[in-house]
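So the structure is just underneath, and the comments pick up after that.
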Ligand SMILES: Nc1ncnc2c1ncn2[C@@H]1O[C@H](COP(=O)(O)OP(=O)(O)O)[C@@H](O)[C@H]1O
Ligand SMILES: [Mg+2]
């Protein structure tokens, strides 16, 4: 296993802030003096575009690392305009990797193997995952030491979370010792002024305790604007609330976390089983949408996207 601290932003839900977090956490870590590699593992290439690069301008991308044995990570890495931040870009070709790798044995280990080749060149690697639990995300889970799960504070915040946690648990069994040490839930799109957003935040903290990052990411229009300028918000609007939030997240992640006896996904799942009805009460979800059996049998494990 690579000893490189590797942080995946993961959640099979789209639009919850994975890419925004991957870009800005990477930039904030680089700002602290760390040498950072950001891997764009979503065929939509939003991290590549968000850093001002044209996805179709690269002779080789992370796709080649995963599908061609002769291509090393160092062959595809490019510099960015941010000091100490490098990018392993991708483009839409990466979508073909899911199918192409389907029958390859050890297909979940390819990214981790690629990362071993650059572990001395970087202090931290950040991986931006696609909104699915397919082979690309499984590669990220196997290669990662830390998972940051952005959770948008709204009605369906915890939808799909159980499936993600089950997948991490299965990864742990298949790939022993699995290198995932920490899983943190990151509250995104937080609006301190709305009662609803405050309630959701309080509920999440009372249920999941220290598994929720102390740092929250507020809803901030600068975060939506920055990608069109091709810059992290830390460069685009360095004094914005958004830049301050992501600097705080980087600082929190760099603190040494004490190792918990119980795997984090089990702790989160236990919280969900005990308290899931509390999460869905009151302002969370209209009565008609509540599940009659919120702690019922788990869906069978499947690698398909949701
Ligand atoms: N905290 C935020 N405040 C305002 N807009 C945000 C915030 N986080 C993300 N966005 C915007 O929301 C959209 C979805 O975010 P993104 O990071 O791309 O999600 P994901 O990668 O999970 O699909 C993007 O347009 C992004 O610019
Ligand atoms: Mg994304």
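Taken residue by residue, segment 247-257 has no member that is on the phi > 0 side of the Ramachandran plot and touching a helix residue (DSSP H, G or I) at 6+ places or on another chain (Cβ under 9 Å).
Say we look at segment 181-227 and pick out the residues that are part of a helix (DSSP H, G or I) and within 16 Å of ligand 2 (Cβ to nearest atom); which of these is nearest to residue 264 (Cα to Cα)? Checking each candidate, the answer is 223.
Would you point out the residue of segment 2-31, among those that are within 13 Å of ligand 1 (Cβ to nearest atom) and part of a strand (DSSP E or B), that is farthest from residue 232 (Cα to Cα)? Only one residue tops the list, namely 8. Among residues of segment 198-225 that are within 23 Å of residue 243 (Cα to Cα) and without any contact (Cβ under 8 Å) to a residue 12 or more places away in the chain, none has a Cβ under 8 angstrom from a residue that is assigned to a helix (DSSP H, G or I) and within 16 Å of ligand 2 (Cβ to nearest atom) at a sequence gap of 6+ or on a separate chain.
Evaluating residue 77 against the criteria (1) under 17 Å from residue 143 (Cβ atoms); (2) within 16 Å of ligand 2 (Cβ to nearest atom) leaves one unmet condition, (2). When you check residue 62 against the structure, is it within 16 Å of ligand 2 (Cβ to nearest atom) and surrounded by fewer than 21 Cβ atoms within 10 Å (Cβ to Cβ), yes or no? The answer is no for residue 62.
Conditions tested, residue by residue: (1) closer than 29 Å to residue 234 by Cβ; (2) touching a residue at least 40 places away in the same chain (Cβ under 8 Å); (3) part of a loop (DSSP other than H, G, I, E, B).
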position	(1), (2), (3)
60	yes, no, yes
71	no, no, yes
109	no, yes, no
114	yes, yes, no
119	yes, yes, yes
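Being out of contact with any helix residue (DSSP H, G or I) (no Cβ under 7 Å at 6 or more places or on another chain) and either surrounded by 21 or more Cβ atoms within 10 Å (Cβ to Cβ) or farther than 13 Å from residue 48 by Cα (or both) is the filter here, so list the residues in segment 78-101 that pass it. 80, 86, 95, 96, 99, listed by residue number.
Contact map, segment 13-31: residues that are on the phi > 0 side of the Ramachandran plot and touching a residue at least 40 places away in the same chain (Cβ under 8 Å) paired with residues that are assigned to a helix (DSSP H, G or I) and near ligand 1 (Cβ under 8 Å from one of its atoms), Cβ distance under 9 Å, separation 6+ or inter-chain. Pairs shown: 17/223. Taken over segment 193-241, the criterion of being surrounded by fewer than 17 Cβ atoms within 10 Å (Cβ to Cβ), within 12 Å of ligand 1 (Cβ to nearest atom) and under 19 Å from the mean Cα position of the chain (by Cα) is satisfied by 224 alone. Every test in (1) without any contact (Cβ under 8 Å) to a residue 24 or more places away in the chain; (2) under 30 Å from residue 213 (Cα atoms) is passed by residue 141 save one, and that test is (1). For segment 116-134, the set of residues classified as modelled with pLDDT of 95 or more and within 17 Å of residue 100 (Cβ to Cβ) consists of 130 only.
Give the residue that is farthest from ligand 2 (Cβ to nearest atom), with candidates limited to residues of segment 15-33 that are under 11 Å from the mean Cα position of the chain (by Cα) and over 15 Å from residue 48 (Cβ atoms). This residue is 25. Among the residues of segment 1-15, those identified as surrounded by fewer than 24 Cβ atoms within 10 Å (Cβ to Cβ) and under 21 Å from residue 224 (Cβ atoms) are 13, 14, 15.
The values are calculated or read from the model by the stated rules, or taken from the named source; none is laboratory data. All values derive from a computational prediction rather than experimental measurement. Note that we place each Cβ from the backbone using ideal geometry, even for glycine, and neighbour counts take in every protein chain shown.
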